[in-house]
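The values are calculated or read from the model by the stated rules, or taken from the named source; none is laboratory data. Keep in mind the model is a prediction, meaning the values are calculated, not measured. FYI the Cβ positions are ideal-geometry reconstructions off the backbone, even for glycines, and counts take in every protein chain you see. The protein model used for the area step is the full one, side chains on, heavy atoms only, and it has no ligands, DNA or RNA in it. Shrake-Rupley method; radii C 1.70, N 1.55, O 1.52, S 1.80 Å.
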Amino acid sequence: SLLARGSSTASAHRVSARGQLMSAVPVSKAELEFTLQALRSEGVRVDGRALTACRRVGIRFGAAHGEVEVTFGPTRVLAVCTGEIVVPPLERPNEGRIAFHVDFGPIASPSFEVGRPSVQATTVANLIERLIKGSRAVDSEALCVVGGQKVWSIRVDIRALDDDGNLSDACAVAALCSLLHFRKADVDVRGDTANSFSAEERVPIPLSIHHLPVPVTVALFSAANNSGKPSLEPTWILDPNRLEETAMDGCLCIAVNQHGELCGIHKPGGMPIGFAIIEHCTELATMRAKELTACIQTELEADMARRQEMRRNVHQQFSKTQLLTVEVRSAIATTRASNSALPSGRLSESEVPSAQEGGGIDSAGGMPKPEDAYAAQYIEAELEAVAAEAAQLEALLAAAESAEMAEVASASHSASASDVPVVAVRRGRKKRRSA
């Protein structure tokens, strides 16, 4: 395991005297005293949690690979992972690049400034880089495409959306989830040339990640005795919120992976603690890390299953549950019987359903309204009327053709009968003249 040591310069800005710690919104002295008295005297937290209880963790992946939103209660963090192929540096020609950029803006807290990186964001970015790169969680050599010529450059941008305490753990978990969810394009190497394929041509490839170092932050509070001097047994809690971070006297961050191995310890100044407390906090961090890694793997499997289902039904626009089947055969038979008295077989204008009368789906039960079935009956009656008119036209046309053919036949027959006596008379006249 790797021991990550924090610098005293970062702790000077983050942790000072009691009640003068970093806070998102100004906190009154009464709130600080109430929080400290509840923790020291009764062992109760302001939000009702136990000392070792953590807030609910939410992980939601985006549509694109590498987009994830992580929530620790009201604390929200967004992480986006991107990658590109670049030329490697000369000192490490066969290793890819991994960079982390953290941004704390006024959208998360009014105490953060606009346009310039804060000291808190820089401290968290350095912690995440030492945690992931220092523990060799990501295989940087697997990011090499062509040795000395082309390597993958992975960049993780982390932005705080809401700050209600414990931003460092939320940012680190968001960075891990973004790296796990990211997919790089498949590359075909032939000699010294490399050809990358899009997601439509080939399935993208995930990063090679060996383990998941999950950080767990513990807030420390000095316990005062009756004489007013601090005792040797401090009070500590897991997953502090904004008010508890403001009132704490120090913090301890322990990183453990899913195998129970210690990956790093970060102690940014503050009150001193004994080794026994570190061992006890390490045991709690091990259990907490296993819970977080199980949650991450569950969400990743659910997202993968959703994507496979969408890829399998790529030619189907709607699912079976979204389709509505209406049975109108009996209604059509009733309409035929009721409209048989009409001369043309059509419905009257008063019986035609209008769009303003409220057709559609019944919002209460999801069943079709009577207007929908009546509209189907109207359409069926119109089609039958058109078919009847077409049959009548065809019958009239056939009758006209037969009448015309009869007239032509009778005319030709009369013409042939009148020609015979004329010829006979003419021949008889010629015979008389010759005699």
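Determine which member of the set Arg76, Arg97 is farther than 30 Å from Glu291 by Cβ, open to solvent by 70 Å² or more (accessible area, probe 1.4 Å) and either free of Cβ contacts under 8 Å to residues at least 40 places away in the same chain or touching a strand residue (DSSP E or B) at 6+ places or on another chain (Cβ under 8 Å) (or both).
Numbers: Arg76 fails: farther than 30 Å from Glu291 by Cβ.
Testing whether each residue is farther than 30 Å from Glu291 by Cβ, open to solvent by 70 Å² or more (accessible area, probe 1.4 Å) and either free of Cβ contacts under 8 Å to residues at least 40 places away in the same chain or touching a strand residue (DSSP E or B) at 6+ places or on another chain (Cβ under 8 Å) (or both) leaves just Arg97.
In this structure, is Arg136 in contact (Cβ under 8 Å) with a residue 40 or more places away in the chain, surrounded by fewer than 21 Cβ atoms within 10 Å (Cβ to Cβ) and over 20 Å from Glu67 (Cβ atoms)? Explain how you work it out, then say what you get.
Details: in contact (Cβ under 8 Å) with a residue 40 or more places away in the chain: yes; surrounded by fewer than 21 Cβ atoms within 10 Å (Cβ to Cβ): yes; over 20 Å from Glu67 (Cβ atoms): yes.
Judged against the criteria, Arg136 is a match.
Given the conditions (1) in contact (Cβ under 8 Å) with a residue 40 or more places away in the chain; (2) farther than 26 Å from Val44 by Cα; (3) aliphatic (A, V, I, L, M), which single one is not true for Met304?
Of everything listed in (1) in contact (Cβ under 8 Å) with a residue 40 or more places away in the chain; (2) farther than 26 Å from Val44 by Cα; (3) aliphatic (A, V, I, L, M), Met304 misses just condition (1).
When residues of the stretch 210-245 are filtered for being at positive phi and either modelled with pLDDT of 90 or more or of a type in the set (Ser, Thr, Tyr) (or both), how many remain? Don't jump to the end; show me each part of the working.
Within the stretch 210-245, the subset at positive phi is 228, 239.
Cutting the leftovers down to either modelled with pLDDT of 90 or more or of a type in the set (Ser, Thr, Tyr) (or both) gives us 239.
Of the residues in the stretch 210-245, 1 are at positive phi and either modelled with pLDDT of 90 or more or of a type in the set (Ser, Thr, Tyr) (or both).
Does Arg45 meet the test of being surrounded by 18 or more Cβ atoms within 10 Å (Cβ to Cβ) and part of a loop (DSSP other than H, G, I, E, B)? Let's see the steps before the verdict.
Values: surrounded by 18 or more Cβ atoms within 10 Å (Cβ to Cβ): yes; part of a loop (DSSP other than H, G, I, E, B): yes.
In short, yes.
Any residue that is open to solvent by 10 Å² or more (accessible area, probe 1.4 Å), modelled with pLDDT under 90, under 21 Å from Leu39 (Cα atoms) and touching an Asp or Glu at 6+ places or on another chain (Cβ under 9 Å) - is there at least one of those in the stretch 250-271?
Scanning the stretch 250-271, I find at least one residue that is open to solvent by 10 Å² or more (accessible area, probe 1.4 Å), modelled with pLDDT under 90, under 21 Å from Leu39 (Cα atoms) and touching an Asp or Glu at 6+ places or on another chain (Cβ under 9 Å), so the answer is yes.
Give the residues of the stretch 139-157 that are polar (S, T, N, Q) and open to solvent by 40 Å² or more (accessible area, probe 1.4 Å), sorted by residue number.
Here is the first cut: in the stretch 139-157, the residues polar (S, T, N, Q) are 140, 149, 153.
Scanning the stretch 139-157 gives a single hit, Gln149.
Could you please find all residues in the stretch 95-127 being touching a helix residue (DSSP H, G or I) at 6+ places or on another chain (Cβ under 6 Å) and in a loop (DSSP other than H, G, I, E, B)?
Glu95, Gly96, Phe104
When you go through (1) more than 25 Å from Ile296 (Cα to Cα); (2) at pLDDT below 85; (3) open to solvent by 30 Å² or more (accessible area, probe 1.4 Å) one by one for Ala24, which number turns out not to apply?
The number of the failed condition is (3).
Kindly indicate whether Leu36 is in contact (Cβ under 8 Å) with a residue 60 or more places away in the chain, surrounded by 15 or more Cβ atoms within 10 Å (Cβ to Cβ) and part of a helix (DSSP H, G or I).
On the way: in contact (Cβ under 8 Å) with a residue 60 or more places away in the chain: yes; surrounded by 15 or more Cβ atoms within 10 Å (Cβ to Cβ): yes; part of a helix (DSSP H, G or I): yes.
It is true that Leu36 is in contact (Cβ under 8 Å) with a residue 60 or more places away in the chain, surrounded by 15 or more Cβ atoms within 10 Å (Cβ to Cβ) and part of a helix (DSSP H, G or I).
Within the group Gly58, Gly19, Gly6, which residue is open to solvent by less than 40 Å² (accessible area, probe 1.4 Å), outside any helix (DSSP H, G or I) and modelled with pLDDT of 90 or more? Outline the logic, then answer.
Working: Gly19 fails: modelled with pLDDT of 90 or more; Gly6 fails: modelled with pLDDT of 90 or more.
Gly58 is the lone residue from the list that is open to solvent by less than 40 Å² (accessible area, probe 1.4 Å), outside any helix (DSSP H, G or I) and modelled with pLDDT of 90 or more.
Open to solvent by 10 Å² or more (accessible area, probe 1.4 Å), in contact with a strand residue (DSSP E or B) (Cβ under 6 Å, 6 or more places away or on another chain) and modelled with pLDDT of 90 or more, is that true of Thr298? Spell out how you get there, then give the answer.
Numbers: open to solvent by 10 Å² or more (accessible area, probe 1.4 Å): yes; in contact with a strand residue (DSSP E or B) (Cβ under 6 Å, 6 or more places away or on another chain): no; modelled with pLDDT of 90 or more: yes.
Against the criterion (open to solvent by 10 Å² or more (accessible area, probe 1.4 Å), in contact with a strand residue (DSSP E or B) (Cβ under 6 Å, 6 or more places away or on another chain) and modelled with pLDDT of 90 or more), Thr298 does not qualify.
One line per residue, one yes/no per condition, for (1) within 17 Å of Arg242 (Cβ to Cβ); (2) within 25 Å of the chain's Cα centre (by Cα):
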{"site": "Phe104", "(1), (2)": "yes, yes"}
{"site": "Ser109", "(1), (2)": "yes, no"}
{"site": "Lys133", "(1), (2)": "no, no"}
{"site": "Ser140", "(1), (2)": "no, no"}
{"site": "Gly165", "(1), (2)": "yes, no"}
{"site": "Ala172", "(1), (2)": "no, yes"}
